[in-house]
């Protein structure tokens, strides 16, 4: 049974296990089309914020700018289009990179259904965050929700135990975090400590 976009959204939000089972035969192309549709929400929102923000900032400083620079107002829509495309393209590239990275750990814990199934789990699992991640406070819930859906996707699509799916996702998240913290700590340790000036 082929699910519509609306049925998939509802399914991945409220009955992810059954919806992933129904999506086992989906191709990467099917998942990509769905992901591109749900990515439209954050892409449109970012474009609107950029356009409005640029107009507001330009309006605030217009009295201090020479008349010829007021033509910059035309750049607002252009920036909005650029950011819209950037969110779509960046989101899709990011999903593939995340999928490849996650699949390394999925394979280590025993997932043998192919990298395509992992990428599908990442794209379908992003549903809560794409739909709700733009709402303050709710975005934290949406992020946790996304991770849970992704774990369920790995479990169903790779037919592995829940614990193995959880382990793969935790490792995939923790390693970059540890690396970033280590780099930050290293940079901070090289910075001069104490007051920069010396008194005579």
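None of the figures in this text is laboratory data; all of them are computed from the coordinates on show. What you see is a predicted model, and the numbers here were worked out from it, not measured in a lab. No Cβ is skipped: glycine too gets one built from the backbone with ideal geometry, and neighbour counts run over all protein chains shown.
Observations
- Highest mobility in the GNM of the chain, judged by mean-square fluctuation with C-alpha springs under 10 Å and restricted to 123, 75, 146, is found for 75.
- Ascending count of other beta-carbon atoms within 10 Å, so fewest first, for 55, 189: 189, 55
- GNM top mover of 177, 169, 148 - the chain, alpha-carbon springs below 10 Å: 177
- Pairwise FRET efficiency - residue 58 versus residue 112, Cβ, R0 = 45 Å, nearest 0.05: 0.20
- Gyration tensor (alpha-carbon) shape descriptor, the chain, a/c threshold 1.5: oblate
- Rounded Å value of the spacing that divides the Cα centres of the stretch 6-53 and the stretch 106-138: 11
- Site pair residue 135 and residue 37 shows an inter-label distance of 2.1 nm when each label is modelled 7 Å from Cα along Cα→Cβ.
- Relative contact order of the chain: 24 percent, from C-alpha pairs under 8 Å at least 6 residues apart in sequence.
- Residue with peak Gaussian network fluctuation, the chain [Cα springs, cutoff 10 Å], from 16, 42, 77: 77
- Taken along the Cα-to-beta-carbon direction at a fixed 7 Å, the label points for residue 175 and residue 18 span 3.6 nm.
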